[in-house]
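The values are calculated or read from the model by the stated rules, or taken from the named source; none is laboratory data. Values in this document were obtained by computation on a predicted structure and should not be read as measured data. When we count neighbours, we look across all protein chains shown, and the Cβ atoms used for this are built from the backbone with ideal geometry, even at glycine.
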Amino acid sequence: MTYLENLSAASRIIEARNGQWNGVDAESVARMQLQNRFKTGLDIAKYTAKIMRADMEAYDADPANYTQSLGCWHGFIGQQKMISIKKHFGETKGRYLYLSGWMVAALRSEFGPLPDQSMHEKTAVPALIEELYTFLKQADARELGGLFRDLDKAREENDQVREKQLLNQIDNFQTHVVPIIADIDAGFGNAEATYLLAKKMIEAGACALQIENQVSDEKQCGHQDGKVTVPHEDFIAKIRACRYAFLEMGVEDGIIVARTDSLGAGLTKQIAYSAEPGDLGDQYNSFLDCEEVGAGDLGNGDVVITRDGKLMRPKRLRSNLFQFKKGTGEDRCVLDCITSLQHGADLLWIETEKPHVEQIAGMVDRIREVVPNAKLVYNNSPSFNWTLNFRQQVFDAWSSEGKDVSAYNRDKLMSVDYDDTELALEADKRIQTFQRDGSKRAGIFHHLITLPTYHTAALSTDNLAKRYFGEEAMLGYVKNVQREEIRQQIACVKHQNMAGSDIGDDHKEYFAGEAALKAAGEDNTMNQFAAAS
């Protein structure tokens, strides 16, 4: 409904009480309703799932329509990201939030900082989803509150043209609430545990769940060693668990992102069950590193399988883990991806060891031979040394083309000495176009950076500490923080407003009328920042 329709509806409800509710203002009710468009997390999940599905269709029509997100570890971070996007680009289309399990472990666990090994409290994940949406909804309320004040002023000044413009802005208001792709790790247990956690995450507002094919109790960060994968049937059961959770909660458009860590995983905890040659279990087992043995060659506790009529002994470590054959990572990734899409996943995530478009495209081309519309979510990870990787890619490309690269040392290309060279400039150009190129060539629908705000918080804090506790003292804050906030019109410079003080003043006036004791009087120091609004 439009603003005026909401106002009329509220008036009818109040008038029906025959004077009992005369102290309640219909316009204030209408405003509060518009400021709280989403009543539950499920409302958000259903709304954002439709957005994401529409974006996926748009990408299928044109790969230029790829989407992006940044990882957030606090509601305030997600809120400020979306406020910035609306400020600079006017709309949120194609921009999401990513909830990283790594950052939950490192920053949100009651145990303190933890590695990305699913040791943190699983409840911390839905709690962060809920927190993110609480802050995004508050951003809506704050911006709409400003529009309502402007509307009141236009009416006071009898400026009907401005009043009409503001009513149009209110009726076409774009919410800060956007899809969240939420990391459920390897499911935090068996399929039942995955299902229960998935429900909590969906109830909190998640429309997209990202789940990986590692063993839950051996889970490692995707960019560290020691990764252990599970047979496909085990992973499929968890994909189904997520789908059941979506359907039970009434989010029919829910998105499942199936992540494979097989490229960097050389181990499995179990041999897959196989009923006949060529089935899924047999295909998984075919990648095991085995040696042919005879019955007399078996030692105590040996495990053997048959392959092509031969007795084979998989290589087993003291950890009781089985080893895959070297060089099979890409083949396993392709099989993982095809299998996941055939059994209920909507999007893929291939964890790689470097950002290389052709490496990703090589696997996606093979996947698309079976599933033509296969699409990826790709981790533009801070675990990659982007500068070094792309300078080396340019070095290698130029070498293969016969171009003279004798002025460069490939192993030391990170050096600042190369920053202004032709090679470095070409590498930066390729970094800049990586997302566009990857989406066009390698089927990447969504680009995300998992841990950006972890690193930006550390960098900005280091710079502030260096200046404030050094010679600059207070100037270190004023010159490099507050003055820049004012000049760049960062909303947070008026931190009382950002924290909801003006919204609270509005409510005080609704509830107490002229008796309201409001904070936004002439003595409020936030008035010093009026020029920054």
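The figures follow:
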{"read-out": "Residue match in region 306-314 (condition: more than 29 Å from the chain's Cα centre (by Cα), surrounded by fewer than 21 Cβ atoms within 10 Å (Cβ to Cβ), hydrophobic (A, V, I, L, M, F, W, C) and modelled with pLDDT of 90 or more)", "value": "yes"}
{"read-out": "In region 30-42, residue surrounded by the fewest Cβ atoms within 10 Å (Cβ to Cβ) [restricted to those that are touching a residue at least 40 places away in the same chain (Cβ under 8 Å), over 26 Å from M103 (Cβ atoms) and not aliphatic (A, V, I, L, M)]", "value": "N36"}
{"read-out": "Qualifying residue in region 73-83 (condition: part of a loop (DSSP other than H, G, I, E, B), buried (at least 16 other Cβ atoms within 10 Å of the Cβ) and touching a strand residue (DSSP E or B) at 6+ places or on another chain (Cβ under 6 Å))", "value": "no"}
{"read-out": "Count of region 445-488 residues which are of a type in the set (V, I, T) and over 26 Å from F529 (Cβ atoms)", "value": "2"}
{"read-out": "Residues satisfying the stated conditions in region 404-449, i.e. touching a Pro at 6+ places or on another chain (Cβ under 7 Å) and either among the aromatic types (F, W, Y) or crowded, with 17+ Cβ neighbours inside 10 Å (or both)", "value": "F434, S439, I449"}
{"read-out": "Residue within region 510-525 that is loosely packed, with under 15 Cβ neighbours inside 10 Å, part of a helix (DSSP H, G or I) and β-branched (V, I, T) present", "value": "yes"}
{"read-out": "Test: E472 is more than 29 Å from the chain's Cα centre (by Cα) and acidic (D, E)", "value": "yes"}
{"read-out": "Residue that is of a type in the set (A, V, I, L, M, F, W, C) and within 21 Å of Y96 (Cα to Cα), where the choices are A397, A345", "value": "A345"}
{"read-out": "Residue satisfying condition, being among the basic types (K, R) and free of Cβ contacts under 8 Å to residues at least 24 places away in the same chain, within set R162, R142", "value": "R162"}
{"read-out": "Output for region 402-454, where each listed residue is in contact with a helix residue (DSSP H, G or I) (Cβ under 7 Å, 6 or more places away or on another chain), more than 30 Å from Q79 (Cβ to Cβ) and part of a helix (DSSP H, G or I)", "value": "R410, Y418, L423, A424, E426, A427, R430, D437, R441"}
{"read-out": "Qualifying residues in region 450-482 (those that are of a type in the set (F, W, Y) and at pLDDT below 95) - the one surrounded by the most Cβ atoms within 10 Å (Cβ to Cβ)", "value": "Y454"}
{"read-out": "Test result for K238, touching a Gly at 6+ places or on another chain (Cβ under 7 Å), modelled with pLDDT under 95 and either in the same structural domain as G75 (by TED's automatic domain parsing) or not β-branched (V, I, T) (or both)", "value": "no"}
{"read-out": "First in region 300-316 and more than 9 Å from C290 (Cα to Cα), second anywhere and acidic (D, E) and not in a loop (DSSP other than H, G, I, E, B), Cβ under 7 Å, 6 or more apart", "value": "K310/E292; L311/E292"}
{"read-out": "Condition met for L144 (touching a strand residue (DSSP E or B) at 6+ places or on another chain (Cβ under 9 Å), farther than 30 Å from A374 by Cβ and among the aliphatic types (A, V, I, L, M))", "value": "no"}
{"read-out": "Any chance K93 is surrounded by fewer than 24 Cβ atoms within 10 Å (Cβ to Cβ), within 22 Å of N36 (Cα to Cα) and not small (G, A, S)", "value": "yes"}
{"read-out": "Given (1) surrounded by fewer than 17 Cβ atoms within 10 Å (Cβ to Cβ); (2) assigned to a helix (DSSP H, G or I); (3) touching a residue at least 40 places away in the same chain (Cβ under 8 Å), number of the condition Q489 does not satisfy", "value": "(2)"}
{"read-out": "Among the candidates E291, E330, residue that is of a type outside the set (A, V, I, L, M, F, W, C) and part of a strand (DSSP E or B)", "value": "E291"}
{"read-out": "Check on R53, in contact with an Asp or Glu (Cβ under 6 Å, 6 or more places away or on another chain), among the charged types (D, E, K, R) and surrounded by fewer than 21 Cβ atoms within 10 Å (Cβ to Cβ)", "value": "yes"}
{"read-out": "Boolean, N285 is of a type in the set (S, T, N, Q) and more than 37 Å from the chain's Cα centre (by Cα)", "value": "no"}
{"read-out": "Candidate set: region 381-403, residues that are aromatic (F, W, Y) and farther than 27 Å from Q68 by Cβ; chosen: the one surrounded by the most Cβ atoms within 10 Å (Cβ to Cβ)", "value": "F395"}
{"read-out": "Filter result (in a loop (DSSP other than H, G, I, E, B) and either hydrophobic (A, V, I, L, M, F, W, C) or more than 14 Å from E330 (Cβ to Cβ) (or both)) within region 340-368", "value": "H343, G344, A345, D346, P355"}
{"read-out": "Any pair with Cβ under 7 angstrom, 6 or more apart, that starts in region 82-98 at a residue that is not assigned by TED's automatic domain parsing to the domain that holds M52 and ends at one that is at pLDDT 95 or above and surrounded by fewer than 17 Cβ atoms within 10 Å (Cβ to Cβ)", "value": "none"}
{"read-out": "Selection status of I350, aliphatic (A, V, I, L, M) and either closer than 30 Å to A407 by Cβ or free of Cβ contacts under 8 Å to residues at least 60 places away in the same chain (or both)", "value": "no"}
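Let's see how each residue does on (1) in contact with a Pro (Cβ under 6 Å, 6 or more places away or on another chain); (2) assigned to a helix (DSSP H, G or I); (3) of a type outside the set (G, A, S):
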{"site": "A9", "(1), (2), (3)": "no, yes, no"}
{"site": "I14", "(1), (2), (3)": "no, yes, yes"}
{"site": "R17", "(1), (2), (3)": "no, no, yes"}
{"site": "A30", "(1), (2), (3)": "no, yes, no"}
